[in-house]
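The values are calculated or read from the model by the stated rules, or taken from the named source; none is laboratory data. Just so it is clear, the structure is predicted and the values come from calculations on it, not from any experiment. All Cβ positions, even for glycine, are placed from backbone atoms using ideal geometry, and neighbour counts span all protein chains on display.
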């Protein structure tokens, strides 16, 4: 998480975080905000964490055109559309997953 914090601060400036209970299914989640906008939600798990992104249609188009792994693209494309766009839950277990997360933050912030 420190890498994600540093990346957001270095690239986009200040952000704030808020812990909250998100029901029995996921328990506690950490919301990271840029201004009033939620960048991502983090779900802590044993020895790893999950990151939930909700992207606009234009941002999802950018994901499709990017060099992100097929599984990430497929997850966004096949997720149901809600009022804010499409959501995907990404597991962060290693450095490659962290790189995907950072790339998705950049795409989210661009749109």
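At a glance:
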read-out	value
Hits in segment 70-86 - residues which are surrounded by 15 or more Cβ atoms within 10 Å (Cβ to Cβ) and either modelled with pLDDT under 95 or in contact with a helix residue (DSSP H, G or I) (Cβ under 8 Å, 6 or more places away or on another chain) (or both)	72, 73, 76, 85, 86
Hits in segment 88-111 - residues which are in a helix (DSSP H, G or I), within 18 Å of residue 43 (Cβ to Cβ) and either touching a helix residue (DSSP H, G or I) at 6+ places or on another chain (Cβ under 7 Å) or at pLDDT below 95 (or both)	98, 100, 101, 102, 105, 108
Selected residue (criterion: surrounded by the fewest Cβ atoms within 10 Å (Cβ to Cβ)) from residues of segment 37-67 that are more than 29 Å from residue 23 (Cβ to Cβ) and touching a residue at least 24 places away in the same chain (Cβ under 8 Å)	58
Top-ranked residue in segment 76-87 [being under 15 Å from the mean Cα position of the chain (by Cα) and outside any helix (DSSP H, G or I); ranked as nearest to residue 52 (Cα to Cα)]	87
Residue under evaluation residue 26, criteria (1) surrounded by 14 or more Cβ atoms within 10 Å (Cβ to Cβ); (2) within 18 Å of residue 8 (Cβ to Cβ); (3) at pLDDT below 95, criterion not met	(2)
Matching residues, segment 4-30, being under 14 Å from the mean Cα position of the chain (by Cα) and either closer than 21 Å to residue 95 by Cα or assigned to a loop (DSSP other than H, G, I, E, B) (or both)	4, 5, 7, 8, 30
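Residues checked against (1) under 11 Å from the mean Cα position of the chain (by Cα); (2) within 17 Å of residue 5 (Cβ to Cβ):
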position	(1), (2)
37	no, yes
40	yes, yes
65	no, no
69	no, no
74	no, no
89	yes, no
101	yes, yes
